[in-house]
Amino acid sequence: MIATLGRTLILLALLAASAGALVGFATGARPGAVAGWRWTRRLAYAFAALMVLANLTMEYALLTHDFSVSYVAHVGSRSVPTWVSIVSLWSSLEGSILFWGLVMGIYVAVATFRHRDDHPEYMPYAVGVWLACGAFFSFLLAGPAQPFAAVANPPVDGPGPNPLLQNHYLMVIHPPFLYSGYVGMTIPFGLACAALLVGRLGHDFIRPLRNFLLLSWIFLTVAIVLGGWWAYEVLGWGGYWAWDPVENASFLPWLTATAALHSALLVERKGVLKGWTTTLVIATYLLTILGTFMTRSGVFNSVHSFTQSAIGPTILVFLAAALIFSVVLLTLRVDTLSAEGRLETGASRDIAFLVQNLLFVLFTFTVLLGTVFPLVVEAVRGVQMSVGRPYFDRMSVPIGVALLFLMGVGPALPWGRAGREQLRSALLPPVVSAALLTILGVVLGVRNAWTLLALAFGGFTAHVTVGELLLPVRQRMRAHGEGALEAFRQAQGRGRRRFGAYIVHAGAVVVIAAVAVSSTMGSSKEVQLARGETATIGGYTLTFVNAERIREPHRESVRARMEIRKNGHEAGWLYPRMNQYENQREPIGSPAVRTGLAEDLYVSIHNIDVEAGSVGLLILINPMVCWIWIATAVMALGGLVTLIPSARGAAAAARVEASTAPLSIEGSS
Amino acid sequence: MPTAASSEAAPPRSSRINKRVLVAGAAIVLPLIAVLVANLGRDPHMVRSPLVGRPAPPFSLQPVGGGAPVRLESFRGKPLVINFWATWCVPCFEEHPALTAAARGLPDVQFLGVVYEDEEARTQAFLKERSSAYPSVMDPDGRTAIAYGVFGVPETFFIDAEGRIVEKFVGPLQRSTIAELVARARGGRP
Amino acid sequence: MTRVALLSIALLSLPAMSAPAEPPPSASRAGAPRGAPLSGPELDARTDEVGALLRCPVCQGLSVSDSPSSMARNMKAEVRDKLAAGYDQEQILADFEHSYGEFVRLKPTLRGVNWLVWFGPLLALIAGAALIASKLKRSGSGPDALPAPRSAAAVDVPDRGTLPDDPRLAEAMRRVRELAYGWPGGVPPKAGASA
């Protein structure tokens, strides 16, 4: 019954998306077809509504433990708490694709609604592209990844979802962020395709493109770091990033999206790099599909990937089609996006942007090459090999440090060509901060050359970033004679985009510095302790008090009670544990972390014996790790600051510009 | 006086093929698709052993329950089947009867169990509970497992009379598979 | 397991790239130690460095140094013993490769097509830099090949400080600029910065 309802909803969504894609393209080809645009919109809303209903149907089945629905039989269980049943929607392959459809429906509906009255020549094409992508995911749900297949003899109870989901809340919130980042890239992709199809990328059309790109970028940034945080809190090896194929899959579109956000600024300000920006946006979407394939095909050797199924080949067909479509579209249409302005040569912000873009693309290429390379070698040499962390660290550290440098130098340079005197006054003061931070690093014991370089550039960039954040405030104070607070309020209210962008930069500087310090300055110890014994590391004394069993409804755990003293003072307790879930053979470790601003004390269990009262522990001191999480939140916040008012400001600006003519770009056509 | 002229107002230039984009796009996209297609259906977790066709790594290990060390060289002259297993491994119990039956039915073939990351007492209890037709040895610190390139248990190596590894099998064995692989070990290299 | 300086590994292990062109024959397995026996803190540090180059077979992604699994700990113990006995990094890696195949090396050697993974990014960097240089050269040489006349471009480019003569329009423009670009009072920051 529920299974049939779900299948019907999916089929209708497939129908709506396919029809909407066709109507959208037909309308785009005949500008001014009002009825066609109305129908395109209706079908887009219908697709979204059907996806919402299909997801609600699945939630209903999960909550009522309707094991006649195949997905519920696969991941449901009567013994798990209700919240686990709810989030089981995205705990396994088929459900995650259904959830993907939900996110996609919401994005398509919001983007269509928001731009229902603007950009009439672009929007039908854009909605057509979104719905074509939506049609593919509906097809996937209707066939290879059917979550609503009927189960002939429903079991009385199911096995429950992947225990990793129940083990830590971060695994619950990570997928929605990741999908919001991934799926959101469909919107700028559709807008970029529309610009190519129309043959124009105007001053005002770059704004919706940039806004949706930025929104998805915020989600993706948070998702990547949540993934790292989860790995840190759960996997027990003390790190947050292992260059695993699935981690790389989320990082690749982030890199190209970051590049595109910057080159879009040049499109907006100077009318240059239109074809390049479009290419980056399209590449970002293609990399999200590649990432989807990587996580769902079983071809890549990864701990995180779902198991193999018919879904892999289907996604590969779509990926190949999307890749070929994009190359053909760019080949035929990229030259129609003619530049309006020129790039400055010589030392200028323009050049910094170009080099920044080059480095981000190089970074993307390197990570993609390293991730795919074992497959190349298997195909060419017939040998199984690995490309792991030593490779990625080696390649990414210089690129990352260079990007940090550019993040400081770029904003310090003027948009136009800079004179010698100007360069000196812009670049010299930050050098003082660079030197101070480097000296501080040396005093605190940093000896690694790359870390010191990261600190030097970090100091430089932080100086420039704070300077740029405060520049409008100082200007207002001078021009309007306002007090510092009032000037700040006014300046950030009026120049929020710029303000938000520098907040993102400030966060990024801290993330890079924290990564550099935490990966080179930690210390560790492996110990085997009997009851009452202590271990010492870097000023901490850890006493193993006892081992105990804990029973909870859905799991049984063994934990070690560790008393912590820091420099002789009491510093609380830590309880690293091993969780044993029903229906699962292997226990899942759960390290205990004492988070601090300067450093984390990280304790994970190797082995534990309650009866004998012994425990084997891995103890780590990880400096500055929590700054990665804090600074990422700052980055996301900066992104939001940039996003929310700019949407309103841009619309207002476009209206005023259209009515006042001289700066009119799209309005006069 | 500013003018309202804008390059955007000009009609879009007609479509023409950008050959550079085509070449660059094809150079990235086609090999990528080819590589992904070529690897589709391959399980990257099944890593082929480079030891197949090479001499088996030597070892000298204590039997479960004590006794003189068991050495690889002492099995020269007849085919040898080395099974890496543990009591905590479910597929290992599943294949245990098949291995026991094969050891009884093939007296000219030597079977040997190597216990992987397990305690001797638990292993002894396990073997006492079930009948076993061949010896098992302890592998402290997993050194022999590492020398044989073991990824997990169960994994089984089929070695010919000259001490050369003929085949490596990953996962629980069926009786018929054992017979087939032993036949290959008897005939030297397949 | 120390979270050793990953970056320093990256720097230090340059010599490892000049690996033999072919997989080592099995005979090299029991060769004479080529390095000096290590002990103390130096042994700990080197164990972590060499372990970081080995893939933990059961975790598939983490290195032997990073993985908390018992197999990785056993492998690390073996690395330590070999270093203490004076075997050098390449001998140890070759030894593990003998058992596990090239798969076990996390850092690709320079065999066959593997050079591509190391030098591909370098080639891409050179190609990209050349592309930018050529673009700038075109952009910098004389007036643009675009139909837009120079005088129009001078007004159109949004970061110019030019304002219309009509005071009402000029005020509107300032408001637009303030809103759209965040210039306080609609005046471009660093006046006169643009050439």
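Taking the residues in the stretch A:364-391 that are more than 9 Å from chain C (Cβ to nearest Cβ) and within 30 Å of A:Leu261 (Cα to Cα) as candidates, determine which candidate is farthest from the chain's Cα centre (by Cα).
The qualifying residue farthest from the chain's Cα centre (by Cα) is A:Val372.
Scanning for something modelled with pLDDT of 90 or more, facing chain C (nearest Cβ under 10 Å) and buried (at least 16 other Cβ atoms within 10 Å of the Cβ), does the stretch A:476-483 turn up at least one residue?
no
Of all residues in the stretch A:321-333, count the ones that are crowded, with 19+ Cβ neighbours inside 10 Å, under 26 Å from the mean Cα position of the chain (by Cα) and free of Cβ contacts under 8 Å to residues at least 12 places away in the same chain.
Going through the stretch A:321-333 one residue at a time, the tally reaches 1.
For the list (1) buried (at least 24 other Cβ atoms within 10 Å of the Cβ); (2) away from chain B (no Cβ under 14 Å), I need the number of the one condition that A:Ile282 fails.
(2)
Return the residues of the stretch A:335-350 that are within 23 Å of A:Gly202 (Cα to Cα), surrounded by fewer than 21 Cβ atoms within 10 Å (Cβ to Cβ) and either more than 9 Å from chain C (Cβ to nearest Cβ) or without any contact (Cβ under 8 Å) to a residue 24 or more places away in the chain (or both); say none if nothing qualifies.
A:Asp335, the sole residue that qualifies.
Just one of A:Glu486, A:Glu548, A:Glu482, A:Glu570 is of a type in the set (Asp, Glu) and touching a residue at least 12 places away in the same chain (Cβ under 8 Å); which is it? Spell out the reasoning first.
On the way: A:Glu486 fails: touching a residue at least 12 places away in the same chain (Cβ under 8 Å); A:Glu482 fails: touching a residue at least 12 places away in the same chain (Cβ under 8 Å); A:Glu570 fails: touching a residue at least 12 places away in the same chain (Cβ under 8 Å).
Going through A:Glu486, A:Glu548, A:Glu482, A:Glu570 in turn, just one is of a type in the set (Asp, Glu) and touching a residue at least 12 places away in the same chain (Cβ under 8 Å): A:Glu548.
Residue by residue through the stretch C:67-95, note down the ones that are out of contact with any Phe, Trp or Tyr (no Cβ under 9 Å at 6 or more places or on another chain), more than 19 Å from C:Asp44 (Cβ to Cβ) and at the interface with chain B (Cβ under 9 Å from one of its Cβ atoms).
Once the filter is applied, which keeps residues that are out of contact with any Phe, Trp or Tyr (no Cβ under 9 Å at 6 or more places or on another chain), more than 19 Å from C:Asp44 (Cβ to Cβ) and at the interface with chain B (Cβ under 9 Å from one of its Cβ atoms), the stretch C:67-95 yields only C:Ser70.
Looking only at residues in the stretch B:47-68 that are closer than 26 Å to A:Leu375 by Cα and within 9 Å of another protein chain (Cβ to nearest Cβ), which one is farthest from the chain's Cα centre (by Cα)?
Going through the stretch B:47-68, the residues closer than 26 Å to A:Leu375 by Cα turn out to be B:47-54.
Applying the additional criterion that residues be within 9 Å of another protein chain (Cβ to nearest Cβ) yields B:47-51, B:54.
On the way: B:Val47: 6, B:Arg48: 6, B:Ser49: 6, B:Pro50: 10, B:Leu51: 11, B:Arg54: 15 Å.
Among those residues, the one meeting the criterion is B:Arg54.
Got a sec? Which of C:Arg111, C:Arg105 is more than 18 Å from B:Val150 (Cβ to Cβ) and more than 18 Å from the chain's Cα centre (by Cα)?
So the residue among C:Arg111, C:Arg105 that is more than 18 Å from B:Val150 (Cβ to Cβ) and more than 18 Å from the chain's Cα centre (by Cα) is C:Arg111.
Taking A:Ser518 as the residue in question, decide whether it is crowded, with 18+ Cβ neighbours inside 10 Å, at pLDDT below 90 and of a type in the set (S, T, N, Q).
Criteria not met by A:Ser518.
Give A:Pro124, A:Pro144, A:Pro120 a once-over and let me know the one that is within 20 Å of A:Ala46 (Cα to Cα), in contact with a Pro (Cβ under 9 Å, 6 or more places away or on another chain) and of a type outside the set (Asp, Glu). Write out each step before concluding.
On the way: A:Pro144 fails: within 20 Å of A:Ala46 (Cα to Cα); A:Pro120 fails: within 20 Å of A:Ala46 (Cα to Cα).
That would be A:Pro124, the only listed residue that is within 20 Å of A:Ala46 (Cα to Cα), in contact with a Pro (Cβ under 9 Å, 6 or more places away or on another chain) and of a type outside the set (Asp, Glu).
Okay, residues lined up against (1) under 30 Å from A:Ala283 (Cβ atoms); (2) of a type in the set (A, V, I, L, M, F, W, C):
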site: B:Ala24; (1), (2): yes, yes
site: B:Val29; (1), (2): yes, yes
site: B:Ile33; (1), (2): yes, yes
site: B:Val37; (1), (2): yes, yes
site: B:Ala56; (1), (2): no, yes
site: B:Ser60; (1), (2): no, no
site: B:Ser74; (1), (2): no, no
site: B:Lys78; (1), (2): no, no
site: B:Phe84; (1), (2): no, yes
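Yes/no matrix, rows are residues, columns are (1) within 27 Å of A:Gln384 (Cβ to Cβ); (2) outside the structural domain of B:Phe84 (by TED's automatic domain parsing); (3) of a type in the set (Gly, Ala, Ser); (4) not in a strand (DSSP E or B):
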{"site": "B:Ser131", "(1), (2), (3), (4)": "no, no, yes, yes"}
{"site": "B:Asp141", "(1), (2), (3), (4)": "yes, no, no, yes"}
{"site": "B:Phe158", "(1), (2), (3), (4)": "yes, no, no, no"}
{"site": "B:Ile165", "(1), (2), (3), (4)": "yes, no, no, no"}
{"site": "B:Phe169", "(1), (2), (3), (4)": "yes, no, no, no"}
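Against the condition among the β-branched types (Val, Ile, Thr), more than 10 Å from chain C (Cβ to nearest Cβ) and closer than 30 Å to C:Arg80 by Cα, how does B:Val166 come out, does it pass?
Numbers: among the β-branched types (Val, Ile, Thr): yes; more than 10 Å from chain C (Cβ to nearest Cβ): yes; closer than 30 Å to C:Arg80 by Cα: no.
So B:Val166 fails the test.
Can you tell me which residue within the stretch A:490-546, out of those that are in a loop (DSSP other than H, G, I, E, B) and under 30 Å from A:Arg559 (Cβ atoms), is nearest to the other protein chains (Cβ to nearest Cβ)?
Selected residue: A:Gly522.
Out of the residues in the stretch B:115-160 that are buried (at least 16 other Cβ atoms within 10 Å of the Cβ), out of contact with any Leu (no Cβ under 7 Å at 6 or more places or on another chain) and of a type in the set (A, V, I, L, M), state the one that is nearest to B:Cys89 (Cα to Cα).
Step by step, filter the stretch B:115-160, then rank; the result is B:Val153.
Grab the helices (runs of 4 or more DSSP H) fully contained in the stretch A:21-89, keeping just those with 3 or more residues being farther than 20 Å from A:Val103 by Cα.
On the way: elements: A:34-63, A:70-75, A:82-87.
Correct list: A:34-63, A:70-75.
Could you check how many residues of the stretch A:94-114 are of a type in the set (A, V, I, L, M, F, W, C) and surrounded by 21 or more Cβ atoms within 10 Å (Cβ to Cβ)? Let's see the steps before the verdict.
Our first condition is that a residue be of a type in the set (A, V, I, L, M, F, W, C); within the stretch A:94-114, this holds for A:97-100, A:102-104, A:106, A:108-111, A:113.
Now narrow it down to the ones that are surrounded by 21 or more Cβ atoms within 10 Å (Cβ to Cβ): A:97-100, A:102-104, A:108, A:111.
So the count comes out to 9.
Name the residues in the stretch A:158-189 that are in contact (Cβ under 8 Å) with a residue 24 or more places away in the chain and among the hydroxyl-bearing types (Ser, Thr, Tyr), would you?
If the condition is that a residue be in contact (Cβ under 8 Å) with a residue 24 or more places away in the chain and among the hydroxyl-bearing types (Ser, Thr, Tyr), then A:Tyr179, A:Ser180, A:Tyr182, A:Thr186 are the ones that fit.
Read through the list (1) more than 14 Å from every other protein chain (Cβ to nearest Cβ); (2) buried (at least 18 other Cβ atoms within 10 Å of the Cβ); (3) within 22 Å of B:Ala185 (Cβ to Cβ); (4) at pLDDT below 90, then give the number of the only condition that B:Ala103 fails.
Evaluating B:Ala103 over (1) more than 14 Å from every other protein chain (Cβ to nearest Cβ); (2) buried (at least 18 other Cβ atoms within 10 Å of the Cβ); (3) within 22 Å of B:Ala185 (Cβ to Cβ); (4) at pLDDT below 90 leaves (4) as the failure.
Table: residues versus (1) of a type outside the set (Ser, Thr, Tyr); (2) assigned by TED's automatic domain parsing to the domain that holds A:Glu121; (3) surrounded by fewer than 23 Cβ atoms within 10 Å (Cβ to Cβ); (4) touching a residue at least 12 places away in the same chain (Cβ under 8 Å).
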position: A:Val156; (1), (2), (3), (4): yes, yes, yes, yes
position: A:Leu191; (1), (2), (3), (4): yes, no, no, yes
position: A:His203; (1), (2), (3), (4): yes, no, no, yes
position: A:Pro208; (1), (2), (3), (4): yes, no, no, yes
position: A:Leu213; (1), (2), (3), (4): yes, no, no, yes
position: A:Trp230; (1), (2), (3), (4): yes, no, yes, yes
position: A:Val246; (1), (2), (3), (4): yes, no, yes, yes
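The values are calculated or read from the model by the stated rules, or taken from the named source; none is laboratory data. Just so it is clear, the model here is predicted, and its values are computed rather than measured. Quick reminder, even Gly has a Cβ in these numbers, built from the backbone with ideal geometry, and neighbours come from all protein chains shown.
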